[in-house]
Amino acid sequence: MESRNAIEGGARMHYGWIIAGVTFLVLLVGGGLRGSSGILVVPLQNDFQWSVATISCALAVNITMYGLVGPFAGAMMERGLRRCITTALLAVIAALVLTFRMSQAWQLVVLWGVVGAGCGVLANVLAATVATRWFEAKRGLVVGILTSASSAGQLIFLPLLTGIAVSLGWRWMVLAAAAVTAGLVPIVLLLMRGRPEELGLRPYGQEGTVEDEAKPATAHESAFPVLLGAIRRADFWLIAGSLFICGASTNGLVGTHLIAVCVDRGLGQMQGANLLATMAVFNFVGATASGWLTDRIDSRYLLGTYYALRALSLLYLPFAFDSFYGLSIVSVFYGLDWTATIPPTIRITADRFGTAQAGIMIGWLMAVHQLGGAAAALGAGILRFDLGSYVQTFLMSGALCLGATGMVLLISTPGAGHTGKILKPA
């Protein structure tokens with residue numbers, strides 16, 4: 001008992017930092033897997049002669065499932081964080097292994113729908129849940145670091161998996177992804193814990209006594225009442241609307257189609273993957289810095305700035321391929337902005353709706369985020385098929401981001417006409 005307390009609750013390091021480290025690894029791999037879907041577009045066209053629209057439909061299902069699982073994952077995490085993460089990892093591994101034998105388009109839809117659902121558990125809902133349970137102090141910084149894990153995963157895995165796909169084929173790429181995912185399972189089983197109370201600890205930085213929280217009976221019994229209470233508030237629609245646009249302008253458009261755009265413009269798949277990886281470098285910096293800034297600056301103003309900068313990047317990107325310097329500028333500004341929106345969004349959500357069920361609330365909002373991503377993934381593929389170009393899609397996405405800037409500035413200030421708690425439906 002004494003040795004465990006020395007490791008888990010000693011003065012040198014709070015066990016929350018170990019939990020954050022394990023969570024970072026999980027989000028790292030989840031982000032890499034989620035970003036790898038764009039690698040499949042060109043190889044599947046060449047191998048099966050499937051159209052961009054057909055492949056985009058499957059990837060839209062992947063993104064949709066990634067988002068829709070969020071609120072239920074948040075509720076399931078209330079009942080067992082380690083079990084929830086392990087189940088998601090095993091589902092992803094099984095789907096990736098079966099993808100190796102795939103030969104029909106419907107199989108791509110089903111299997112990568114499962115991959116999307118699994119990665120949806122290993123995403124921002126997990127980051128929000130861990131940060132709000134384990135950290136009272138430095139919560140914004142922790143959210144920023146955990147959010148940046150997704151971009152770090154793209155930085156590491158996109159060039160690696162693209163290289164495997166180009167040299168050995170896409171089937172070996174998915175097996176490599178399955179092997180990396182399998183390596184996480186024993187780490188999670190050994191080190192992950194659900195709550196600091198399980199180890200007799202308080203959240204990092206919390207003073208006073210630890211309050212016990214009631215656990216929900218089932219996922220749906222917890223998730224739907226939270227949503228029904230939230231939709232009565234204008235802030236929910238403003239946050240959700242901005243996140244819909246956020247998903248459309250990141251995962252749906254750039255994350256899914258940028259490699260194909262690069263091939264259209266005469267660059268290779270590896271160049272496209274390297275461009276995404278470069279964005280991921282700056283995304284890592286931007287998300288971490290955003291977490292630090294979220295602890296110090298009004299989150300509404302941060303979000304407004306982020307969406308305005310993203311709009312400028314997207315409006316310029318279609319015209320940046322003629323210049324090395326143009327692409328460099330876009331990769332820096334867009335990369336810094338990619339997931340920088342998440343820490344202030346989580347802070348706004350916790351401030352307006354309360355922290356008790358922050359994981360579930362973030363889950364619903366991230367579901368909207370991914371629906372935006374799915375709409376953009378499918379819409380961009382259809383427009384590319386019909387018009388032969390992605391230019392119009394990028395211009396539309398930039399215009400939407402300008403609209404998101406206005407939305408977030410309309411969100412109420414903390415304490416203005418609300419209690420910070422989600423209203424229960426009558």
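Here are a few things to note about the model shown:
- Screening the candidates ASP264, ASP298 for the property of being open to solvent by 10 Å² or more (accessible area, probe 1.4 Å), at pLDDT 85 or above and not aliphatic (A, V, I, L, M) yields one hit, ASP298.
- Test: LEU275 is closer than 23 Å to VAL166 by Cα, of a type outside the set (Ser, Thr, Tyr), open to solvent by less than 10 Å² (accessible area, probe 1.4 Å) and part of a helix (DSSP H, G or I): no
- Test for ILE297: is it outside any helix (DSSP H, G or I), within 22 Å of SER412 (Cα to Cα) and of a type in the set (Val, Ile, Thr): yes
- The range 328-353, residues that are free of Cβ contacts under 8 Å to residues at least 60 places away in the same chain, of a type in the set (Val, Ile, Thr) and open to solvent by 10 Å² or more (accessible area, probe 1.4 Å): ILE329, VAL332
- Search result, residues across the range 346-383 that are more than 18 Å from the chain's Cα centre (by Cα) and under 23 Å from GLY116 (Cα atoms): LEU378, GLY379, ALA380, GLY381, ILE382
- All positions within the range 55-106 that are among the β-branched types (Val, Ile, Thr) and modelled with pLDDT of 85 or more: ILE55, VAL61, ILE85, THR86, THR87, VAL92, ILE93, VAL97, THR99
- Qualifying residue in the range 136-152 (condition: out of contact with any Ser or Thr (no Cβ under 6 Å at 6 or more places or on another chain), within 14 Å of ILE362 (Cα to Cα) and open to solvent by less than 30 Å² (accessible area, probe 1.4 Å)): yes
- Pairs are defined by a Cβ separation below 8 Å, a sequence spacing of at least 6 or placement on different chains, a first member in the range 312-327 that is of a type in the set (S, T, N, Q), and a second member that is open to solvent by 30 Å² or more (accessible area, probe 1.4 Å) and in a helix (DSSP H, G or I); the pairs so defined are SER313/PHE333.
- Residue under evaluation ALA404, criteria (1) modelled with pLDDT of 90 or more; (2) surrounded by fewer than 24 Cβ atoms within 10 Å (Cβ to Cβ), criterion not met: (2)
- Scanning the range 140-171 for residues that are free of Cβ contacts under 8 Å to residues at least 24 places away in the same chain and either within 22 Å of GLY247 (Cβ to Cβ) or in a helix (DSSP H, G or I) (or both) turns up LEU160, ILE164, SER167.
- For the range 119-148, filtering for residues that are of a type in the set (A, V, I, L, M) and under 30 Å from GLN45 (Cα atoms) leaves 3.
- Scope the range 180-198; condition open to solvent by less than 60 Å² (accessible area, probe 1.4 Å) and either among the acidic types (Asp, Glu) or touching a Gly at 6+ places or on another chain (Cβ under 6 Å) (or both); matching residues: none
- From the options LEU68, LEU89, residue that is in contact with a Ser or Thr (Cβ under 7 Å, 6 or more places away or on another chain) and either open to solvent by less than 40 Å² (accessible area, probe 1.4 Å) or hydrophobic (A, V, I, L, M, F, W, C) (or both): LEU89
- Applying the set (1) open to solvent by 10 Å² or more (accessible area, probe 1.4 Å); (2) part of a helix (DSSP H, G or I); (3) within 25 Å of THR345 (Cα to Cα) to ARG83 leaves exactly one unmet item: (3).
- Test for ARG202: is it more than 22 Å from the chain's Cα centre (by Cα), closer than 30 Å to GLN45 by Cβ and open to solvent by 50 Å² or more (accessible area, probe 1.4 Å): no
- Candidates in the range 43-64 are the residues that are on the phi < 0 side of the Ramachandran plot and without any contact (Cβ under 8 Å) to a residue 12 or more places away in the chain; of these, the one that is surrounded by the fewest Cβ atoms within 10 Å (Cβ to Cβ) is ASN46.
- Any hit, the range 302-320, residues being more than 20 Å from the chain's Cα centre (by Cα), within 27 Å of ILE259 (Cα to Cα), hydrophobic (A, V, I, L, M, F, W, C) and at pLDDT below 80: no
The values are calculated or read from the model by the stated rules, or taken from the named source; none is laboratory data. If you're wondering where the values come from, they're calculated on a predicted model, not measured in any experiment. Counting neighbours? That spans all protein chains shown, and the Cβs are built from the backbone with ideal geometry, glycine included. Side chains included, ligands, DNA and RNA excluded: accessible areas come from the protein's heavy atoms. Shrake-Rupley method; radii C 1.70, N 1.55, O 1.52, S 1.80 Å.
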